[in-house]
Structures are given as structure tokens and as C-alpha cells.
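The values are calculated or read from the model by the stated rules, or taken from the named source; none is laboratory data. None of these values were measured; they are calculated from a predicted model. Reconstructed Cβ throughout: ideal geometry from the backbone, glycine too, with neighbour counts over all protein chains shown.
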Amino acid sequence: MSDDRKVDGNSKHEQLEQFRTDDRGKKMTTNQGLKVSEDEFSLKAGVRGPTLMEDFHFREKMTHFDHERIPERVVHARGYAAHGEFELYESMEKYTKAKFLQIPGSKTPVFVRFSTVAGSRGSAETVRDVRGFATKFYTEEGNYDLVGNNIPVFFIQDAIKFPDLIHAVKPEPHNEIPQAATAHDTFWDFVANNQETAHMIMWHLSDRTIPRSFRMMEGFGVHTFRLVNAEGKGHFVKFHWKPKLGIHSLVWDEAQKISGKDPDFHRTDLYEAIENGDFPEFELGVQIIDESDEFKFDFDILDSTKIWPEEDVPVQIIGKMTLNRNVDNYFAETEQVAFHPGHVVPGIDFTNDPLLQGRLFSYTDTQLIRLGGPNFHELPINRPVCPFHNNQRDGYGRQTINKGPVSYHNNSLAQNTPETSTADEGGYVHYEEKVEGRKVQARSDSFRDHFSQAVLFWNSMSVSEKEHIIEAFSFELGKCKENRIKEQVVDMFANVNLEMAQQVAVNLGIKPPEHGGSSITKASPALSQENTRKTPDTRKVAVLLTDGYSGKEVHSIVNDLQEKGLQPEIVAERLGMITGTEEVQLEAKHTFITADSVLFDAVYVVGGEVSNLTFFENASSFVKEAFSHYKPIGATHEGIRILQENNMLNSIGVVSGESAEKFLHDFVGSISVHRHWARDVI
Ligand code: HDE
């Protein structure tokens with residue numbers, strides 16, 4: 001491997017260094033490098049006179065400011081990203097010749113951008129929406145982009161419908177309402193009249209679309225891609241990211257409240273986790289189907305509205321991605337990054353999935369308008385870590401200075417360079433798939449079943465997950481104005497489950513459907529979040545206390561929580577040091593004015609001076625809300641009385657105790673469960 005094709009985790013970082021700048025401690029200059037003597041007052045004819053055109057520094061500063069904004073992404077405008085590395089566990093040589101998937105232990109730098117889909121760039125982050133999960137691998141053979149979502153299927157089967165879907169979901173054009181929400185007429189009108197959406201809608205109304213954290217959601221490549229090995233043999237593949245922290249979600253009421261209390265909830269969570277050294281980890285999994293098995297399934301494997309149930313086609317874990325570095329500059333990195341499902345490396349190829357095929361056109365096209373021309377690959381965040389040479393020239397913002405007169409192929413003046421490479425030399429050679437057929441604009445018959453996997457999804461849900469879906473249907477359709485739309489949607493989903501549709505109809509006050517249901521009883525346990533990994537790692541615990549709390553004991557519980565990898569944070573009536581008995585002091589980072597129970601995973605109620613009635617009132621309402629969101633709750637000392645007065649003691653997931661050791665053990669156990677759905681909250 002040549003020196004400029006290094007793949008260790010730092011090479012991308014080094015590459016970027018030449019573009020990174022730290023302005024601290026430097027002299028101010030214009031963009032031409034001229035030192036600036038005055039930056040507060042523009043050049044005027046007399047102190048009270050008019051500003052002069054000749055003030056070039058003023059003009060340059062203002063012009064640059066006037067042009068600071070670029071068009072936001074037409075979808076996935078609201079996003080947040082981080083750098084990291086991907087480490088391969090197991091060689092994939094048998095299936096692919098992609099170099100970054102050959103040597104176990106090899107590391108490839110990555111950049112990952114998470115996003116919502118519908119909202120504009122300034123919208124809240126905890127809205128009900130699909131999340132984008134886009135990964136750029138900076139490999140020695142060029143950039144490979146796995147541009148996925150946190151849901152394994154999509155709304156539509158053919159890319160030609162994407163503009164319709166997005167027009168329907170975005171704010172309605174006559175009044176630009178509502179922002180970042182699917183709960184409106186045009187979206188549900190689209191659903192009812194495009195029934196291929198059925199499966200995706202079941203996911204959309206499940207807890208998957210209100211993730212607790214970017215760190216706690218799965219990622220999926222969605223499409224069926226193709227892996228090709230050195231012998232040219234192909235295999236169908238689906239890609240999965242599995243979060244080490246498990247898959248966890250918010251409660252809908254909580255998600256809505258967070259949208260107001262902290263619209264930056266998810267980015268703050270990711271940023272802080274990385275700053276604290278709690279590096280998010282995701283394992284990469286692949287499902288592989290032999291080409292000879294293409295037609296062995298009761299669905300078409302090229303249909304993006306279908307999953308390959310994990311129980312039928314197991315997910316093989318092949319590596320791990322660790323996000324370990326925040327960006328230095330949001331705009332230069334997160335905003336300017338340009339992903340494209342067509343950025344592939346030798347050994348990774350496409351299939352005829354009509355949704356994927358359309359994406360291969362759209363992504364470059366969208367970068368051209370968003371990033372203002374064809375040279376966006378030269379932006380530091382988009383540059384491959386390997387050298388790139390071709391005969392492309394000029395265009396807005398060109399940075400490369402190509403030497404010499406030759407910019408065409410074939411040529412003799414430059415000995416016919418840059419020259420092409422054979423497959424053996426690492427040249428990308430498209431998979432020679434045999435294709436034949438008539439030119440048609442039609443849906444394949446094998447793409448016509450829209451409901452079987454929607455039923456599979458429903459069958460796989462736990463009791464509480466099913467309740468959440470019914471509530472989500474009732475919320476979303478309840479916000480629609482047209483009864484016609486509600487009726488059509490309810491009739492459509494009677495095909496998935498009649499009782500579910502009837503319950504939704506009752507909640508909406510419309511006539512319940514009489515016919516429907518499905519005979520499919522198959523379930524896929526992997527689809528339920530209740531079967532996910534449970535761990536207390538990095539969970540945020542609000543510790544409610546006031547002066548006079550039991551000093552040493554509480555101090556040691558808080559320390560122990562920290563040592564176990566949780567994040568206890570003191571909430572009190574004032575910021576600063578709060579004094580307990582035995583002269584112990586703990587620092588309050590939040591007050592009841594700045595913090596809210598929805599911003600924490602669990603609450604530990606401590607108490608303090610019993611005569612402090614205001615504290616007792618504040619703590620009561622804080623813990624009552626956490627209780628109603630099924631959160632783990634713990635109490636010691638006077639805190640127990642607060643729970644007692646609010647009738648919470650002895651409820652599921654509520655832990656109280658006199659012995660610190662037992663309390664800690666039980667409380668951490670309760671936190672690792674995430675939510676106690678079986679709790680009676682009424
Ligand atoms: Fe995208 N999508 N998409 N999409 N998509 C974009 O490209 C598009 C689809 C996804 O963090 C756009 O650079 C079409 C599926 C992510 O920068 C645009 C179709 C999946 C991101 C575009 C789809 C995705 C985008 C807008 C139907 C999951 C954000 C800005 C065929 C597998 C990437 C941009 C980032 C962004 C087009 C469907 C994921 C317009 C035409 C399916 C994660 O090009």
C-alpha cells in the first residue's frame with residue numbers, strides 16, 4: 001500500500017488538519033491577508049457623517065455575512081454528526097473484495113450524520129419522524145457511503161413517487177403548517193391513496209420514530225445491495241447497525257414536551273456523550289442471501305417495503321463503529337457533508353431495487369444546488385483520503401490546481417494519463433448482471449403485497465408497543481381535519497388488524513370498520529424493542545435534594561452511580577453548593593426552573609430539611625411526571641415520604657430503601673430496564 005493510501009483511524013484526521021484553523025491568539029486580517037486596524041467603526045466622512053464605499057473591510061465583512069446561508073437539505077435538513085472509526089471483526093473476503101472489509105482488526109475512519117427527515121433546519125429534534133443514519137467510510141479505495149435510516153423499510157417502492165411523498169409530509173403549502181409533523185391531512189391522504197406505505201406506517205407509528213437518543217437506535221441500509229468477491233461472484237446483502245446501548249425510545253407525551261424544553265435534545269445528548277468519553281458504539285451486521293435463493297421468499301427481495309426477518313436470515317455481526325470525536329465546526333463538516341448511495345468501492349454494488357436506482361440520480365443533483373456546483377467533493381469533509389485524478393475541470397469554487405495542458409482522454413501528450421485501472425488493479429467494474437425485458441412503466445406483480453409484513457410487524461409487538469401504536473394512530477389522525485381521510489386510513493389498516501382499526505375508529509369518533517384482519521400469525525421477536533439490550537450505561541439521573549440531606553450517605557450513592565457509568569446530576573432550588581449533614585456539599589447543576597423530568601432517564605428523590613415545603617412541592621411534581629412516563633424512580637431518606645404521599649411506593653420500577661447497598665443495586669437494575677410499561681400510572 002502506498003503511503004498516501006493509509007487506512008489507520010487517524011489518516012483522515014491528518015488529511016483534514018491542513019484545512020482546520022484555530023483563530024485564537026491570531027491577528028485579525030481581511031480575507032486577502034491584510035491586517036485590520038479597526039473592526040468596530042466603519043469608515044465615515046466625519047464621526048457623524050455618511051459611511052464611505054471605500055471601506056473595503058466593512059464591505060467584505062458584510063458581503064460574506066449576507067451570503068452565510070446555503071439552501072438546507074430538501075429532506076433530512078436537521079442533522080448532527082460525529083467522526084469515528086470502523087473496526088472489522090471478521091474478514092468478508094468470501095463475499096466481497098472491498099479492501100476495508102478484508103483484514104480483521106483493520107480500522108477505517110468514518111463520519112456519521114444523524115437526522116430527522118421532515119423538519120427544517122431549525123426544527124425540534126424529538127418529533128415523530130424517521131431518523132437518517134448516514135455513514136461515510138473514508139477507505140483507501142475511495143469513499144463508501146452507507147446512507148441509511150433507523151427504519152429498515154421505506155414508504156414507497158419506486159423513486160418516482162419520492163417528490164409526492166415529501167410534498168405530502170412537509171408543511172402544507174398554502175399555510176406552511178405543521179412543522180416537522182406527519183399529523184396532518186396531506187400526509188395521511190397520501191398514505192390512504194398509496195397503500196404500499198402500510199408496512200412503513202406501522203414502524204412510523206411505533207416507538208422507533210421517537211428514539212431516546214441517536215446512540216440508542218438501529219440503522220439500516222434499507223435496500224438490497226450486492227457484495228461481489230474477487231472471483232466476481234455476487235451475493236445479495238442488507239446492512240444493519242446495532243447500537244451497543246440497545247434500542248430505546250421516549251414516550252410520546254415526553255417527546256412533545258422535550259420539543260419545547262430542549263429542541264436540541266438529541267444533538268446535546270450525542271455531543272455530551274462524546275465529550276464525556278462515552279463513545280457511542282454500533283456493530284455492523286449483514287444479512288446475506290445467495291443469488292440462487294433470490295426467489296425463495298414470499299416477498300420480493302428487491303422491494304424496499306420488505307424486511308428479511310432476522311429469524312429467517314440471521315444478521316451476522318462483522319465489525320464495530322465507534323464515534324469518538326465531535327466536529328470542530330458544524331457548518332464546514334455537518335452541513336457541508338455530501339452523502340450519496342452511489343459512492344461505492346469495488347466489491348459493493350447495486351441491485352435493481354427501483355427505489356435505490358432513483359436515489360442514484362437524486363443525491364448528486366441535490367448537492368449541486370445545495371453546495372453550489374460540481375466541486376463539492378473538494379470540501380474537506382467530502383475529500384477521499386486516497387488521491388483522486390481525472391479530467392474534470394473548473395466550475396464554481398474549484399480548489400484543485402491541475403497542472404499541464406491535457407484534460408482529456410485518450411491522449412498521447414500525457415502518455416494517456418490519468419489512466420484507467422483493470423479490476424485487478426482496483427478499478428471499479430460494474431457487476432455483469434444479465435438484464436432483459438420490455439421497457440415498461442409498471443409495478444412488478446411480486447411488489448403487490450402491501451400488508452403481510454405490516455401484519456408481521458404488528459404481531460411482533462408487545463402489549464405496550466401495540467398500545468403505543470393505537471395511541472399514535474389516534475393522535476395523528478385526530479389532528480387531521482377531513483373525516484374522509486380518517487375513514488380511508490382506518491379502513492386501510494383494518495387489513496392489518498381489525499381490533500386495532502376499530503379501537504382507533506372509536507377514539508376518532510368515526511364508524512368502526514366491520515371487516516378486515518389477517519390470517520397471518522407469524523411474528524419476528526427481533527422487531528420488538530422489549531427484546532433489546534438493557535443496560536444502565538450513560539443514563540441520566542436527576543437527584544432531587546435540598547439543604548439538610550443526609551450528607552455522607554447520599555454523597556456515596558451519587559459517587560457509586562457515577563462509578564457504575566451513570567450520570568447523576570443534582571437538581572435543587574438554587575444552583576451551586578447544597579449542604580447536607582456532616583458538612584457534605586454537592587453541587588446543583590440544575591434548578592426546578594431550568595430542568596425538567598423529561599430531560600432525565602430516572603429520578604432519585606433524596607429530600608433534606610423537612611420543613612422546606614417548597615422543595616417538597618417541586619420535587620413532587622417533578623417525580624409525578626417521571627412516574628407518568630414509566631421512568632425508574634428511587635428514593636431514600638425523606639424522599640421516601642414524597643413517594644408515599646404521591647402513592648408511588650410499591651409501584652413497578654420504584655425503588656426505596658434504607659440500606660444504601662441494596663438500594664443502589666435495585667435502583668441501577670430498575671434504570672437498566674429503561675421504562676416500566678407494566679406500571680399502573682392512572
Ligand atoms: Fe434520501 N435523500 N432519498 N433516503 N436520504 C436525501 O440528499 C432521496 C431514502 C437519506 O445526512 C437528499 O443530500 C430519494 C431512503 C438520508 O446528509 C436527497 C429517495 C433512505 C439522507 C434524497 C430517498 C434515505 C438523505 C436530500 C427515494 C434510507 C440525509 C439531501 C428513492 C435508506 C443524508 C441530500 C445526510 C438525503 C433523495 C429515499 C436516507 C434529496 C429520491 C430509502 C439519511 O437527494
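Per the listing 177, 156, the residue uniquely more than 26 Å from residue 598 (Cβ to Cβ), assigned by TED's automatic domain parsing to the domain that holds residue 96, modelled with pLDDT of 95 or more and more than 14 Å from the chain's Cα centre (by Cα) is 156. Of everything in region 135-147 that's within 13 Å of the ligand (Cβ to nearest atom) and surrounded by fewer than 23 Cβ atoms within 10 Å (Cβ to Cβ), which residue is nearest to residue 223 (Cα to Cα)? It comes out as 147.
Remark: pairs (first residue in region 324-344, outside the structural domain of residue 74 (by TED's automatic domain parsing); second residue more than 11 Å from the ligand (Cβ to nearest atom) and of a type outside the set (Val, Ile, Thr); Cβ separation under 9 Å; 6+ apart in sequence or on different chains) are absent. Residue 322 meets all of the listed conditions (1) closer than 30 Å to residue 370 by Cα; (2) assigned to a loop (DSSP other than H, G, I, E, B) but one, namely (2).
Evaluation of residue 186 against the conditions (1) more than 12 Å from the ligand (Cβ to nearest atom); (2) in a helix (DSSP H, G or I); (3) touching a residue at least 24 places away in the same chain (Cβ under 8 Å); (4) not aromatic (Phe, Trp, Tyr) shows that the sole unmet condition is (3). Here residue 111 meets the list (1) hydrophobic (A, V, I, L, M, F, W, C); (2) near the ligand (Cβ under 9 Å from one of its atoms); (3) buried (at least 24 other Cβ atoms within 10 Å of the Cβ) almost entirely, failing just condition (2). Would you call residue 365 closer than 30 Å to residue 329 by Cα, among the charged types (D, E, K, R), loosely packed, with under 14 Cβ neighbours inside 10 Å and within 16 Å of the ligand (Cβ to nearest atom)? So residue 365 fits the description; yes. Among the residues making up region 49-92, those that are aromatic (Phe, Trp, Tyr) and either more than 21 Å from the chain's Cα centre (by Cα) or within 12 Å of the ligand (Cβ to nearest atom) (or both) are 56, 58, 65, 80, 89. Scanning region 505-519 for residues that are closer than 18 Å to residue 451 by Cα and crowded, with 16+ Cβ neighbours inside 10 Å turns up 513, 516, 518. Can you name every residue in region 328-362 that is under 27 Å from residue 89 (Cβ atoms) and away from the ligand (no atom under 11 Å from the Cβ)? Residues satisfying the conditions are 343, 344, 345, 346, 347, 348, 349, 350, 351. When each of 318, 289, 307 is tested for being within 22 Å of residue 105 (Cβ to Cβ) and either without any contact (Cβ under 8 Å) to a residue 60 or more places away in the chain or crowded, with 18+ Cβ neighbours inside 10 Å (or both), the lone residue that passes is 318.
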